[in-house]
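Please read the structure below before turning to the comments.
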Amino acid sequence: MNRRRSTLAHPRPTACLLPLLLMLGLVLTLPAIAQEEGEEPVNEAATEEREEDEEPRYGSRRERNQQLLAQRFPEEARWLTLPAPETETLALFRPAADTEPKGALLLLYGAEDPPHWPAHLDNLRRALPRHGWATLALTLPLPEPPPVPERPPEPAEDEGEGEGEGEEDTAEDSAGEDEQENEENGADGENGAEGENDGDEAEPEVPAQEPLPPRADRIANRLDAALTWLDREGQGNLVVLVDDASAETVMAYLQPQLEAGAGGEPPSTGESPLAGPIRALILVNSVPGPRLSTEQLTQVFAIPEMPLLDVFLGPTSRLHDRVREHRNLSARQRLERYHRLQLPRPRVEDPEDERSFWVRRIHGFMHRQAEGMERRRINRP
(Lines give C-alpha, C1' and ligand atoms only; values in the text may rest on other atoms or scores of the structure.)
Protein backbone atom coordinates (compact mmCIF):
# COMPACT_ATOMS: atom_id res chain seq x y z
CA MET A 1 0.00 0.00 0.00
CA ASN A 2 2.84 2.39 0.80
CA ARG A 3 4.54 1.57 -2.47
CA ARG A 4 1.42 2.53 -4.43
CA ARG A 5 1.14 5.92 -2.73
CA SER A 6 4.83 6.59 -3.44
CA THR A 7 4.31 5.92 -7.12
CA LEU A 8 1.33 8.25 -7.35
CA ALA A 9 3.16 11.05 -5.54
CA HIS A 10 6.17 10.89 -7.85
CA PRO A 11 5.10 10.44 -11.51
CA ARG A 12 7.51 9.14 -14.10
CA PRO A 13 9.97 11.66 -15.80
CA THR A 14 8.70 10.88 -19.31
CA ALA A 15 5.17 11.79 -18.31
CA CYS A 16 6.39 15.24 -17.21
CA LEU A 17 8.69 15.93 -20.21
CA LEU A 18 6.18 15.12 -22.93
CA PRO A 19 3.90 18.15 -22.35
CA LEU A 20 6.95 20.42 -22.12
CA LEU A 21 8.32 19.23 -25.44
CA LEU A 22 4.95 19.78 -27.14
CA MET A 23 4.75 23.32 -25.79
CA LEU A 24 8.33 24.06 -26.90
CA GLY A 25 7.61 22.85 -30.44
CA LEU A 26 4.53 25.04 -30.65
CA VAL A 27 6.49 28.14 -29.52
CA LEU A 28 9.19 27.56 -32.17
CA THR A 29 6.71 27.17 -35.02
CA LEU A 30 4.60 30.22 -34.22
CA PRO A 31 7.05 32.83 -35.74
CA ALA A 32 7.26 30.92 -38.99
CA ILE A 33 3.48 30.67 -39.21
CA ALA A 34 3.11 34.39 -38.48
CA GLN A 35 5.65 35.27 -41.18
CA GLU A 36 3.88 33.16 -43.76
CA GLU A 37 0.49 34.72 -42.95
CA GLY A 38 1.36 38.38 -42.19
CA GLU A 39 4.69 39.25 -43.87
CA GLU A 40 5.48 39.68 -47.52
CA PRO A 41 8.38 37.70 -49.02
CA VAL A 42 11.59 39.43 -49.94
CA ASN A 43 11.58 40.78 -53.48
CA GLU A 44 14.65 39.07 -54.95
CA ALA A 45 14.16 40.75 -58.35
CA ALA A 46 14.33 44.20 -56.73
CA THR A 47 17.53 43.20 -54.91
CA GLU A 48 19.11 42.05 -58.17
CA GLU A 49 18.09 45.31 -59.89
CA ARG A 50 19.78 47.34 -57.15
CA GLU A 51 22.95 45.29 -57.56
CA GLU A 52 22.87 45.80 -61.34
CA ASP A 53 22.33 49.55 -60.95
CA GLU A 54 25.48 49.87 -58.83
CA GLU A 55 28.49 50.73 -60.97
CA PRO A 56 31.21 48.05 -60.96
CA ARG A 57 34.31 48.94 -59.03
CA TYR A 58 36.60 47.76 -61.84
CA GLY A 59 36.09 47.95 -65.58
CA SER A 60 37.66 44.56 -66.30
CA ARG A 61 39.42 41.64 -64.67
CA ARG A 62 42.77 42.97 -65.86
CA GLU A 63 42.12 46.37 -64.29
CA ARG A 64 41.07 44.67 -61.06
CA ASN A 65 44.23 42.54 -60.94
CA GLN A 66 46.45 45.52 -61.66
CA GLN A 67 44.85 47.58 -58.90
CA LEU A 68 45.19 44.73 -56.39
CA LEU A 69 48.83 44.19 -57.37
CA ALA A 70 49.54 47.91 -56.99
CA GLN A 71 48.01 47.78 -53.51
CA ARG A 72 50.23 44.81 -52.67
CA PHE A 73 53.43 46.58 -53.81
CA PRO A 74 52.64 50.29 -53.32
CA GLU A 75 56.31 51.35 -53.25
CA GLU A 76 57.09 49.53 -56.52
CA ALA A 77 53.96 50.29 -58.55
CA ARG A 78 54.47 52.62 -61.51
CA TRP A 79 51.63 53.58 -63.85
CA LEU A 80 52.83 54.06 -67.43
CA THR A 81 50.74 56.29 -69.69
CA LEU A 82 49.39 54.68 -72.88
CA PRO A 83 47.48 56.12 -75.83
CA ALA A 84 43.69 55.77 -75.81
CA PRO A 85 41.75 53.62 -75.37
CA GLU A 86 43.98 51.85 -72.81
CA THR A 87 45.22 55.03 -71.04
CA GLU A 88 47.66 53.29 -68.64
CA THR A 89 49.29 50.03 -67.57
CA LEU A 90 51.03 48.84 -64.42
CA ALA A 91 54.77 48.21 -64.11
CA LEU A 92 56.78 47.20 -61.03
CA PHE A 93 60.07 49.00 -60.43
CA ARG A 94 62.82 48.21 -57.91
CA PRO A 95 65.82 50.54 -57.77
CA ALA A 96 69.33 49.21 -57.42
CA ALA A 97 70.36 48.74 -53.81
CA ASP A 98 74.07 49.10 -54.59
CA THR A 99 75.78 52.43 -54.03
CA GLU A 100 77.22 52.16 -57.57
CA PRO A 101 74.30 51.03 -59.80
CA LYS A 102 75.21 49.11 -62.95
CA GLY A 103 72.06 49.63 -65.02
CA ALA A 104 68.52 48.25 -65.32
CA LEU A 105 66.85 45.06 -66.51
CA LEU A 106 63.57 45.50 -68.41
CA LEU A 107 61.53 42.29 -67.92
CA LEU A 108 58.83 41.65 -70.50
CA TYR A 109 56.46 38.73 -70.13
CA GLY A 110 53.37 37.75 -72.09
CA ALA A 111 50.43 37.67 -69.67
CA GLU A 112 47.16 39.57 -69.63
CA ASP A 113 47.13 39.60 -65.82
CA PRO A 114 50.20 40.68 -63.82
CA PRO A 115 49.72 38.10 -61.02
CA HIS A 116 50.51 35.34 -63.53
CA TRP A 117 54.24 36.09 -63.44
CA PRO A 118 56.35 32.90 -63.22
CA ALA A 119 58.22 32.48 -59.95
CA HIS A 120 61.68 32.40 -61.59
CA LEU A 121 61.10 35.76 -63.33
CA ASP A 122 59.75 37.26 -60.11
CA ASN A 123 62.95 36.03 -58.44
CA LEU A 124 65.03 38.05 -60.93
CA ARG A 125 62.83 41.10 -60.43
CA ARG A 126 63.32 41.08 -56.67
CA ALA A 127 66.89 39.81 -56.32
CA LEU A 128 68.90 41.59 -59.03
CA PRO A 129 68.64 45.04 -57.36
CA ARG A 130 70.91 43.66 -54.61
CA HIS A 131 73.52 43.07 -57.32
CA GLY A 132 73.36 46.68 -58.51
CA TRP A 133 70.73 46.25 -61.26
CA ALA A 134 67.38 48.01 -61.09
CA THR A 135 64.40 46.08 -62.52
CA LEU A 136 61.24 47.22 -64.30
CA ALA A 137 58.70 44.42 -64.89
CA LEU A 138 55.95 44.80 -67.47
CA THR A 139 53.36 42.40 -68.90
CA LEU A 140 52.59 42.29 -72.63
CA PRO A 141 49.39 41.25 -74.44
CA LEU A 142 49.19 37.60 -75.45
CA PRO A 143 48.65 36.48 -79.05
CA GLU A 144 45.07 36.05 -80.14
CA PRO A 145 43.83 32.45 -79.68
CA PRO A 146 43.15 30.52 -82.89
CA PRO A 147 39.52 30.65 -84.07
CA VAL A 148 37.28 27.81 -82.96
CA PRO A 149 36.46 25.57 -85.94
CA GLU A 150 32.80 25.50 -86.94
CA ARG A 151 30.81 22.39 -86.19
CA PRO A 152 29.68 20.43 -89.24
CA PRO A 153 25.94 20.67 -89.93
CA GLU A 154 23.86 17.87 -88.48
CA PRO A 155 22.26 15.48 -90.99
CA ALA A 156 18.66 16.33 -91.81
CA GLU A 157 15.94 14.01 -90.50
CA ASP A 158 13.77 11.99 -92.84
CA GLU A 159 10.89 14.06 -94.22
CA GLY A 160 8.38 11.22 -94.06
CA GLU A 161 8.61 10.61 -90.34
CA GLY A 162 6.40 12.57 -87.98
CA GLU A 163 5.82 15.85 -89.79
CA GLY A 164 3.10 16.84 -87.33
CA GLU A 165 5.25 15.85 -84.38
CA GLY A 166 8.10 17.96 -85.72
CA GLU A 167 5.86 21.03 -85.84
CA GLU A 168 4.73 20.44 -82.29
CA ASP A 169 8.32 20.00 -81.11
CA THR A 170 9.31 23.23 -82.81
CA ALA A 171 6.50 25.11 -81.14
CA GLU A 172 7.40 23.62 -77.77
CA ASP A 173 11.08 24.49 -78.25
CA SER A 174 10.27 28.11 -79.15
CA ALA A 175 7.96 28.37 -76.13
CA GLY A 176 10.69 26.95 -73.92
CA GLU A 177 13.21 29.44 -75.29
CA ASP A 178 10.79 32.32 -74.58
CA GLU A 179 10.30 31.13 -71.00
CA GLN A 180 14.06 30.80 -70.51
CA GLU A 181 14.59 34.30 -71.90
CA ASN A 182 11.98 35.70 -69.51
CA GLU A 183 13.62 33.93 -66.58
CA GLU A 184 17.04 35.31 -67.52
CA ASN A 185 15.59 38.82 -67.69
CA GLY A 186 14.14 38.34 -64.20
CA ALA A 187 10.52 38.83 -65.29
CA ASP A 188 7.46 36.54 -65.50
CA GLY A 189 4.53 36.97 -67.88
CA GLU A 190 2.72 39.59 -65.79
CA ASN A 191 5.82 41.73 -65.24
CA GLY A 192 6.58 41.56 -68.95
CA ALA A 193 3.13 42.85 -69.80
CA GLU A 194 3.46 45.69 -67.33
CA GLY A 195 6.83 46.64 -68.84
CA GLU A 196 5.28 46.83 -72.29
CA ASN A 197 2.46 49.03 -71.07
CA ASP A 198 4.72 51.41 -69.18
CA GLY A 199 7.06 51.92 -72.13
CA ASP A 200 8.27 55.28 -70.87
CA GLU A 201 11.20 53.92 -68.85
CA ALA A 202 13.78 52.57 -71.27
CA GLU A 203 16.71 50.47 -70.11
CA PRO A 204 19.94 52.45 -69.85
CA GLU A 205 22.25 51.80 -72.75
CA VAL A 206 25.69 50.47 -71.86
CA PRO A 207 28.34 52.50 -73.71
CA ALA A 208 30.22 50.38 -76.20
CA GLN A 209 33.91 49.99 -75.46
CA GLU A 210 36.30 51.22 -78.10
CA PRO A 211 38.08 48.29 -79.75
CA LEU A 212 41.70 47.78 -78.79
CA PRO A 213 44.48 48.36 -81.34
CA PRO A 214 46.30 45.39 -82.90
CA ARG A 215 48.58 43.44 -80.56
CA ALA A 216 51.77 44.73 -82.23
CA ASP A 217 50.68 48.33 -81.62
CA ARG A 218 49.76 47.59 -78.00
CA ILE A 219 53.19 46.08 -77.40
CA ALA A 220 54.89 49.01 -79.12
CA ASN A 221 52.96 51.46 -76.93
CA ARG A 222 54.07 49.64 -73.78
CA LEU A 223 57.70 49.50 -74.86
CA ASP A 224 57.71 53.16 -75.76
CA ALA A 225 56.19 54.08 -72.39
CA ALA A 226 58.65 51.88 -70.48
CA LEU A 227 61.76 53.16 -72.29
CA THR A 228 60.60 56.77 -71.93
CA TRP A 229 60.04 56.28 -68.20
CA LEU A 230 63.46 54.64 -67.73
CA ASP A 231 65.13 57.45 -69.64
CA ARG A 232 63.48 60.05 -67.41
CA GLU A 233 64.73 58.12 -64.38
CA GLY A 234 68.31 58.32 -65.68
CA GLN A 235 68.57 54.65 -66.70
CA GLY A 236 70.76 54.69 -69.80
CA ASN A 237 72.31 51.19 -69.52
CA LEU A 238 69.64 48.55 -70.20
CA VAL A 239 69.32 44.81 -70.70
CA VAL A 240 66.00 43.51 -72.08
CA LEU A 241 64.59 40.12 -71.03
CA VAL A 242 61.68 38.78 -73.09
CA ASP A 243 59.88 35.44 -73.31
CA ASP A 244 59.38 33.46 -76.50
CA ALA A 245 55.70 34.47 -76.78
CA SER A 246 56.57 38.12 -77.46
CA ALA A 247 60.19 38.02 -78.68
CA GLU A 248 59.48 38.54 -82.38
CA THR A 249 57.19 41.56 -81.87
CA VAL A 250 59.52 43.12 -79.29
CA MET A 251 62.57 42.77 -81.54
CA ALA A 252 60.70 44.23 -84.51
CA TYR A 253 60.09 47.35 -82.42
CA LEU A 254 63.63 47.51 -80.97
CA GLN A 255 65.51 46.78 -84.19
CA PRO A 256 65.97 50.42 -85.32
CA GLN A 257 67.39 51.38 -81.89
CA LEU A 258 69.68 48.34 -81.83
CA GLU A 259 70.96 49.04 -85.35
CA ALA A 260 71.69 52.65 -84.35
CA GLY A 261 73.48 51.40 -81.24
CA ALA A 262 75.57 48.98 -83.29
CA GLY A 263 76.70 51.84 -85.54
CA GLY A 264 77.59 54.19 -82.70
CA GLU A 265 80.77 54.55 -80.67
CA PRO A 266 81.30 51.50 -78.40
CA PRO A 267 80.96 52.28 -74.69
CA SER A 268 83.91 52.10 -72.34
CA THR A 269 82.33 49.54 -69.96
CA GLY A 270 81.19 45.99 -70.61
CA GLU A 271 81.91 43.76 -73.59
CA SER A 272 78.81 44.81 -75.52
CA PRO A 273 79.66 46.95 -78.57
CA LEU A 274 76.19 48.54 -78.62
CA ALA A 275 76.20 52.21 -77.75
CA GLY A 276 72.91 51.94 -75.88
CA PRO A 277 70.67 52.51 -74.22
CA ILE A 278 69.93 48.79 -74.85
CA ARG A 279 73.14 46.82 -74.48
CA ALA A 280 72.03 43.14 -74.53
CA LEU A 281 69.06 40.75 -74.87
CA ILE A 282 67.99 37.71 -72.83
CA LEU A 283 65.56 35.34 -74.58
CA VAL A 284 63.71 32.89 -72.29
CA ASN A 285 62.35 29.74 -73.97
CA SER A 286 60.13 27.59 -71.77
CA VAL A 287 58.51 24.17 -72.03
CA PRO A 288 55.59 24.12 -72.25
CA GLY A 289 55.55 27.24 -74.36
CA PRO A 290 55.35 28.49 -77.95
CA ARG A 291 58.07 27.41 -80.34
CA LEU A 292 59.50 30.15 -82.52
CA SER A 293 59.42 29.48 -86.23
CA THR A 294 62.50 30.01 -88.40
CA GLU A 295 61.08 33.30 -89.66
CA GLN A 296 60.35 34.54 -86.13
CA LEU A 297 63.76 33.45 -84.87
CA THR A 298 65.45 35.24 -87.77
CA GLN A 299 63.79 38.46 -86.59
CA VAL A 300 65.11 37.90 -83.06
CA PHE A 301 68.64 37.21 -84.36
CA ALA A 302 68.63 40.22 -86.72
CA ILE A 303 71.46 42.19 -85.00
CA PRO A 304 74.78 40.30 -85.28
CA GLU A 305 76.59 42.63 -82.85
CA MET A 306 74.03 42.27 -80.05
CA PRO A 307 75.02 40.09 -77.07
CA LEU A 308 72.27 37.50 -76.65
CA LEU A 309 71.72 34.94 -73.90
CA ASP A 310 69.46 32.16 -75.19
CA VAL A 311 67.87 30.53 -72.12
CA PHE A 312 66.10 27.16 -72.31
CA LEU A 313 64.07 26.05 -69.30
CA GLY A 314 62.61 22.56 -69.16
CA PRO A 315 63.44 18.88 -69.71
CA THR A 316 66.45 18.28 -71.96
CA SER A 317 64.60 15.64 -74.00
CA ARG A 318 61.88 18.10 -74.99
CA LEU A 319 64.30 20.96 -75.75
CA HIS A 320 66.90 19.09 -77.81
CA ASP A 321 65.50 19.96 -81.26
CA ARG A 322 64.79 23.55 -80.29
CA VAL A 323 68.31 24.08 -78.90
CA ARG A 324 69.86 22.69 -82.09
CA GLU A 325 67.67 24.89 -84.30
CA HIS A 326 68.62 28.04 -82.35
CA ARG A 327 72.32 27.17 -82.43
CA ASN A 328 72.37 26.52 -86.18
CA LEU A 329 70.44 29.69 -87.01
CA SER A 330 72.67 31.82 -84.76
CA ALA A 331 75.65 30.54 -86.75
CA ARG A 332 73.98 31.37 -90.08
CA GLN A 333 73.11 34.85 -88.81
CA ARG A 334 76.73 35.27 -87.67
CA LEU A 335 75.87 36.30 -84.12
CA GLU A 336 79.16 37.36 -82.59
CA ARG A 337 78.14 37.15 -78.93
CA TYR A 338 75.64 34.30 -78.77
CA HIS A 339 75.48 32.46 -75.44
CA ARG A 340 73.28 29.53 -74.49
CA LEU A 341 72.01 28.50 -71.04
CA GLN A 342 70.00 25.30 -70.57
CA LEU A 343 68.48 24.54 -67.17
CA PRO A 344 65.55 22.69 -65.62
CA ARG A 345 62.80 25.12 -64.69
CA PRO A 346 64.10 26.79 -61.49
CA ARG A 347 62.29 25.90 -58.29
CA VAL A 348 62.07 29.16 -56.40
CA GLU A 349 61.25 28.83 -52.72
CA ASP A 350 62.24 32.37 -51.77
CA PRO A 351 61.65 35.07 -54.44
CA GLU A 352 64.06 37.38 -52.59
CA ASP A 353 66.97 34.90 -52.82
CA GLU A 354 69.80 36.70 -54.61
CA ARG A 355 72.20 33.74 -54.28
CA SER A 356 70.24 31.20 -56.28
CA PHE A 357 72.03 29.54 -59.19
CA TRP A 358 69.44 30.98 -61.58
CA VAL A 359 70.00 34.58 -60.44
CA ARG A 360 73.79 34.20 -60.44
CA ARG A 361 73.86 32.92 -64.04
CA ILE A 362 71.70 35.78 -65.34
CA HIS A 363 73.68 38.33 -63.33
CA GLY A 364 76.95 36.89 -64.66
CA PHE A 365 75.89 37.49 -68.27
CA MET A 366 74.70 41.02 -67.52
CA HIS A 367 77.90 41.80 -65.59
CA ARG A 368 80.17 40.69 -68.45
CA GLN A 369 78.24 42.14 -71.36
CA ALA A 370 76.53 45.29 -70.20
CA GLU A 371 77.78 46.49 -66.84
CA GLY A 372 78.06 50.27 -66.73
CA MET A 373 77.27 53.28 -64.62
CA GLU A 374 73.78 54.64 -64.31
CA ARG A 375 73.40 57.88 -66.16
CA ARG A 376 73.15 60.99 -64.05
CA ARG A 377 69.70 62.36 -63.67
CA ILE A 378 68.90 65.50 -65.60
CA ASN A 379 66.97 68.26 -63.88
CA ARG A 380 63.63 68.43 -65.65
CA PRO A 381 60.98 71.09 -65.32
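Please specify each residue of the range 265-284 satisfying the condition of being closer than 17 Å to Val239 by Cβ and not aliphatic (A, V, I, L, M).
Looking only at the range 265-284, we keep the residues that are closer than 17 Å to Val239 by Cβ, and these are 266-267, 269-284.
Listed by number, the residues that qualify are Pro266, Pro267, Thr269, Gly270, Glu271, Ser272, Pro273, Gly276, Pro277, Arg279.
Residues that are of a type in the set (Ser, Thr, Tyr), at negative phi and modelled with pLDDT of 85 or more: does the range 272-284 have at least one?
yes
Can you confirm whether Leu128 is in contact with a strand residue (DSSP E or B) (Cβ under 8 Å, 6 or more places away or on another chain), at pLDDT below 95 and either surrounded by fewer than 23 Cβ atoms within 10 Å (Cβ to Cβ) or in the same structural domain as Ile362 (by TED's automatic domain parsing) (or both)?
Values: in contact with a strand residue (DSSP E or B) (Cβ under 8 Å, 6 or more places away or on another chain): yes; at pLDDT below 95: no; either surrounded by fewer than 23 Cβ atoms within 10 Å (Cβ to Cβ) or in the same structural domain as Ile362 (by TED's automatic domain parsing) (or both): yes.
Answer is no for this residue.
Would you please name the residue that is surrounded by the most Cβ atoms within 10 Å (Cβ to Cβ), looking only at residues in the range 78-106 that are at negative phi and of a type in the set (S, T, N, Q)?
Here is the first cut: in the range 78-106, the ones at negative phi are 78-86, 88-102, 104-106.
After this cut, where a residue has to be of a type in the set (S, T, N, Q) as well, the list is 81, 89, 99.
On the way: Thr81: 12, Thr89: 23, Thr99: 6.
It comes out as Thr89.
Considering the range 62-104 alone, what residues qualify as being more than 26 Å from Ile282 (Cβ to Cβ), assigned to a loop (DSSP other than H, G, I, E, B), without any contact (Cβ under 8 Å) to a residue 40 or more places away in the chain and not β-branched (Val, Ile, Thr)?
Matches in the range 62-104: Pro74 only.
Quick check: is even one residue across the range 239-246 under 30 Å from Thr81 (Cα atoms), among the acidic types (Asp, Glu) and modelled with pLDDT under 55? Steps first, please.
Quick first cut of the range 239-246, residues under 30 Å from Thr81 (Cα atoms) only: 239-246.
Narrowing the set further to residues that are among the acidic types (Asp, Glu) leaves 243-244.
Filter once more, so that each one left must be modelled with pLDDT under 55: none.
No: the range 239-246 contains no residue that is under 30 Å from Thr81 (Cα atoms), among the acidic types (Asp, Glu) and modelled with pLDDT under 55.
Would the range 310-317 turn up any residue that is exposed (fewer than 15 other Cβ atoms within 10 Å of the Cβ) and in contact (Cβ under 8 Å) with a residue 12 or more places away in the chain?
Within the range 310-317 (the criterion being exposed (fewer than 15 other Cβ atoms within 10 Å of the Cβ) and in contact (Cβ under 8 Å) with a residue 12 or more places away in the chain), the answer is yes, since at least one residue qualifies.
State whether the residues of the range 350-357 include one that is of a type in the set (Ser, Thr, Tyr), at pLDDT below 90 and farther than 30 Å from Gly264 by Cα.
Residues of the range 350-357 of a type in the set (Ser, Thr, Tyr): 356.
Keeping just the survivors that are at pLDDT below 90 gives none.
No, because not a single residue in the range 350-357 is of a type in the set (Ser, Thr, Tyr), at pLDDT below 90 and farther than 30 Å from Gly264 by Cα.
What number of residues in the range 310-365 are outside any loop (DSSP other than H, G, I, E, B), basic (Lys, Arg) and over 30 Å from Gly132 (Cβ atoms)?
Here the count works out to 5.
I'm checking my understanding of the structure. Among residues of the range 267-309 that are of a type in the set (S, T, N, Q) and in a strand (DSSP E or B), which one is surrounded by the most Cβ atoms within 10 Å (Cβ to Cβ)?
In the first step, residues of the range 267-309 are kept if they are of a type in the set (S, T, N, Q); the result is 268-269, 272, 285-286, 293-294, 296, 298-299.
From the residues that got through so far, the ones that are in a strand (DSSP E or B) too are 285-286.
Values: Asn285: 21, Ser286: 18.
So the residue we want is Asn285.
For the range 241-261, state whether one or more residues are surrounded by fewer than 19 Cβ atoms within 10 Å (Cβ to Cβ) and touching a Pro at 6+ places or on another chain (Cβ under 7 Å).
So far as the range 241-261 goes, no, none of its residues is surrounded by fewer than 19 Cβ atoms within 10 Å (Cβ to Cβ) and touching a Pro at 6+ places or on another chain (Cβ under 7 Å).
The values are calculated or read from the model by the stated rules, or taken from the named source; none is laboratory data. This is a predicted model, so every value here is computed, not measured. As a convention, Cβ positions derive from the backbone with ideal geometry for all residues, glycine included, and neighbour counts pool all protein chains shown.
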